[in-house]
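The values are calculated or read from the model by the stated rules, or taken from the named source; none is laboratory data. Predicted model, so just to flag it, every value in this text is computed and none were measured. So basically every Cβ, Gly included, is an ideal-geometry build from the backbone, and we count neighbours across all protein chains shown. With ligands, DNA and RNA removed, areas are computed over all heavy atoms of the protein, side chains included. Shrake-Rupley method; radii C 1.70, N 1.55, O 1.52, S 1.80 Å.
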Amino acid sequence: MSMRDSSWIDHLAALSSLSFEGEEKERMAADMARIMELMDRVSQAEIGEEEFLLEAEGSMALLREDIPAPSIERERLLSNAKGRQGSYFAVKKIMD
Amino acid sequence: MNLHLKSIKELRALLDGGDITAQELTRYYLDRIEALDPKLRAYITVNTAAMEQAERAQEKIKAGLAKPLTGIPLGLKDNICTKDLRTTCASKMLSDFIPAYSATVAEKLEEAGAIFLGKLNMDEFAMGATTTTSYFGNTMNPYDLERVPGGSSGGSAAAVAAGLCVAALGSDTGGSIRQPASFCGVTGLKPTYGRVSRYGLVAFASSLDQIGPIGKSARDCAILLDAISGKDSKDMTSKESAPVCEQMGQLIEGKVIGLPKEFFQEGMDQQVKDAVLSAAQRFQELGCIIKEVSLPSLDLMIPAYYLISSAEAASNLARYDGVRYGHRSQEGATFEQQRIAARNEGFGKEVKRRILLGNYALSGGYFEEYYKKACLIRRKIQKEYEAIFESCDCILIPTAPTAAYKFSEQREDPAALYLADIYTVGANIAGLPAVTTTCGYTKEWMPIGMSLVGKAFADGEILNMADAFERRFNYILNDFCL
């Protein structure tokens, strides 16, 4: 993946559940190449890893206790869905 | 009576004294929106229930139960969920989304009796610095309609500046409150990370996002901040904090202000540099001590910020598949094809760039080189701020390298646009509070903003310093014709 060209964009698009074709793909490849030149400052930076590693990894996400509580009513949550069948979200077939 | 020029405190006195009613004040603002917003395009959605809210607020006022914001008409950035009121995030993906619940900040404001005039334009999913990535079109800068209002909270800043709401809420992930407030000549605060609950804020980068106020002055921002702050069981990163309003008016004599030398080097517009250095002198006139300090990792701030924020965005935006809510494509024979088509059609160009960047930074073989290293740099930058605050009370910097520029001058290169965030992202990376206020004007009469960055949870201290500056030097213009 060293070449930042249109095949690189195909790989990133697959990771991102997106797709690009034709001119849009070419433009995106050019934009992303310019963005990565800036991001490469990070990969090239010399930083004393040991000094910061423990502190960076030491922060844990705080979670509240898992206690059941009343939720938003089902009908309201279904109201933004573009496809539904009864109280289910309807989607196209997942398997043949 | 030019009600749109009045502060929250002045309006409070008029409402409590019976000089105006909440309905009259709300109607005044709705009429201004109807007359002026077609030129400005600050609002995506005007709240049709605003007058009902005003009636309820008036009942509270009559009963003597008014709080500081009861009957005050506000605007909300359109990434803050409001129950039964469309919340689009300025994206085609959510263009018809009606939330089933309200964000904690919206609930708090409603409980305080505030009135919601509507939802304000922004860059799509808060990704941008011009409000030009909105699916609903650009917002204009009220100082010059040919110029950008900044972003991503461009609608919020423009609406406050033009008197289309008393004050507004924005959100700030890398400068999205401060830069537009600076471009539109108003005051904006990015609170300390954790001071304000993020529950119901459409997530962009969860470790950096923070909701905050935009107002005509630091005092208006302080009132709004106190109304929305506090620990929330629905956001475990939120914390209790001391009220800030009671700190307004305290003497700032003897405060030590750091000027980081790296921030005043190349790339900055000379007029901006002169205005901010002149502001430093004015703080000295107020009895403050100016001291040169250093943030050696400034060059790494932008790439580290974009890697971390994009990685979090890629994860947060993976939920948009058109199944439970959001845009659903008519294309694709299978679920997977339809899901990809929904994302292709629903997201704009800038959002797609950030998702690609974020997934690259998190992908196998590149995680250590980019994302992990960016996290280490984040910690290094936090330590550099901590070192400065051992001898300083706050830091003074420009808010943006330039004042608002013309739409026609907008740069096409995304990397060049990212670099313009250089003065704002540090406060997000370090989780610190930062306030911007106007410190001068360009020769074309566009506002120039300066920022004060404070210690964690010293939001009140920097608001008080901004307030002292505003009251002494009165740089904020209060009226202009659209």
Between the chain alone and the structure with every protein chain in place, find the residues of the range A:32-47 that drop at least 20 Å² of accessible area; heavy atoms, 1.4 Å probe.
A:Met32, A:Arg34, A:Ile35, A:Met36, A:Leu38, A:Met39, A:Arg41, A:Val42, A:Ser43, A:Ala45, A:Ile47
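Looking at the P(r) of the protein assembly as shown, how many percent of alpha-carbon pairs lie beyond 40 Å? Walk me through the numbers on the way to the answer.
Values: 36853 of 166753 pairs.
Here the tail beyond 40 Å accounts for 22 percent of pairs.
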For the range B:151-156, 3J(HN,Hα) per residue [Karplus equation, 6.51 cos²θ - 1.76 cosθ + 1.60, θ = phi - 60°, Hz, x = Gly/Pro]
x, 8, 7, x, x, 4
Using Cα pairs closer than 8 Å and at least 6 residues apart in sequence, work out the relative contact order for chain B, in percent.
17
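Can you put A:His11, B:His327 in order of accessible area, largest first, using a 1.4 Å probe?
Details: A:His11 70, B:His327 35 Å².
If we order A:His11, B:His327 from most to least accessible, we get A:His11, B:His327.
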Quick one: dipole size for chain B, taken about the Cα centre, charges +1 on Lys/Arg Cβ and -1 on Asp/Glu Cβ, in debye to the nearest 20.
520
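Can you tell me how the range B:263-305 classifies by the Cα gyration tensor, rounded, prolate or oblate, using a/c under 1.5 as the rounded cut?
Oblate is the answer for the range B:263-305, as a/c is 1.5 or above yet b/c matches or exceeds a/b.
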Kindly give the semi-axes, whole Å and largest first, of the ellipsoid equivalent to chain B, taking each as the square root of 5 times a Cα gyration tensor eigenvalue.
31, 30, 21
Any lysines with Cα under 19 Å of the B:Lys380 Cα? List them, leaving off those in the same chain fewer than 8 positions away.
B:Lys261, B:Lys372, B:Lys455
Which distance in nm do the two modelled labels at A:Glu23 and B:Ala49 give, with both placed 7 Å along the Cα-to-Cβ direction?
4.5
Need the per-residue list for the range B:289-317: every residue with at least 20 Å² less accessible surface in the complex of protein chains than in the chain by itself, probe 1.4 Å, sorted by number.
B:Asp299, B:Leu300, B:Pro303, B:Leu307
Structure shown: which of B:Lys67/B:Lys108; A:Lys82/B:Lys352; B:Lys39/B:Lys352 lie over 20 Å apart, alpha-carbon to alpha-carbon?
A:Lys82/B:Lys352; B:Lys39/B:Lys352
About its Cα centre, what dipole magnitude does the range B:1-70 give when the only charges are +1 on Lys and Arg Cβ and -1 on Asp and Glu Cβ, stated in debye to the nearest 20?
240
Using a cut-off of 14 Å between alpha-carbon atoms, which aspartates and glutamates can reach B:Lys406, once sequence neighbours fewer than 8 places away in the same chain are excluded?
B:Asp144, B:Glu146, B:Glu444
Would you mind giving the total buried accessible surface between chains A and B, with a 1.4 Å probe and ligands, DNA and RNA left out, rounded to the nearest 100 Å²?
4900
Please work out the average accessible area per residue across the range B:19-169, using the 1.4 Å probe convention, and give it in Å².
31
Rounded to 5, percent antiparallel among DSSP beta bridges of chain B
65
A:Arg84 versus B:Phe264, label points 7 Å from Cα toward the beta carbon: distance in nm?
6.0
How about the range B:371-393: which of its residues lose at least 40 Å² of accessible area in the presence of all protein chains relative to their chain isolated, using a 1.4 Å probe?
B:Lys372, B:Lys373, B:Leu376, B:Arg379, B:Lys380, B:Lys383
Compute the distance in nm between two label points, each set 7 Å from the Cα along the Cα-to-Cβ direction, one at B:Arg411 and one at A:Glu75.
5.4
Percent of beta bridges antiparallel (DSSP, the range B:69-201, rounded to nearest 5)
25
Carbon/sulfur fraction of accessible area - chain B, other protein chains in place, 1.4 Å, %
49
Long-range HN-HN contacts of A:Arg84 with modeled amide H, under 5 Å:
A:Ala90
For the range B:56-109, take N as its residue count and report Rg(C-alpha) divided by 2.2 N^0.38 Å.
1.39
Taking amide H positions as placed 1.01 Å from N in the peptide plane, with prolines and chain starts having none, which residues 5 or more places from B:Tyr135, or on another chain, fall under 5 Å of its amide H?
B:Ser91, B:Lys92, B:Glu124
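Take chain B, mark every one of the GluC sites (Glu not before Pro) that falls in a DSSP loop and has at most 13 other Cβ within 10 Å, then report the longest stretch left between them, sites excluded.
B:1-145
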Treating the beta-carbon of each Lys and Arg as +1 and of each Asp and Glu as -1, no other charges, what is the dipole magnitude of the protein assembly as shown about its Cα centre, to the nearest 20 debye?
1100
B:Ser233 to A:Met95: FRET efficiency via 1/(1 + (r/R0)^6), r the Cβ-Cβ distance, R0 51 Å, to the nearest 0.05?
0.80
5 angstrom amide H check on B:Ile115, placed H, neighbours 5+ away:
B:Gly71, B:Ile72, B:Leu74
Within the range B:104-123, list the residues whose amide N lies under 14 Å from a label point set 7 Å along Cα→Cβ of B:Arg319.
B:104
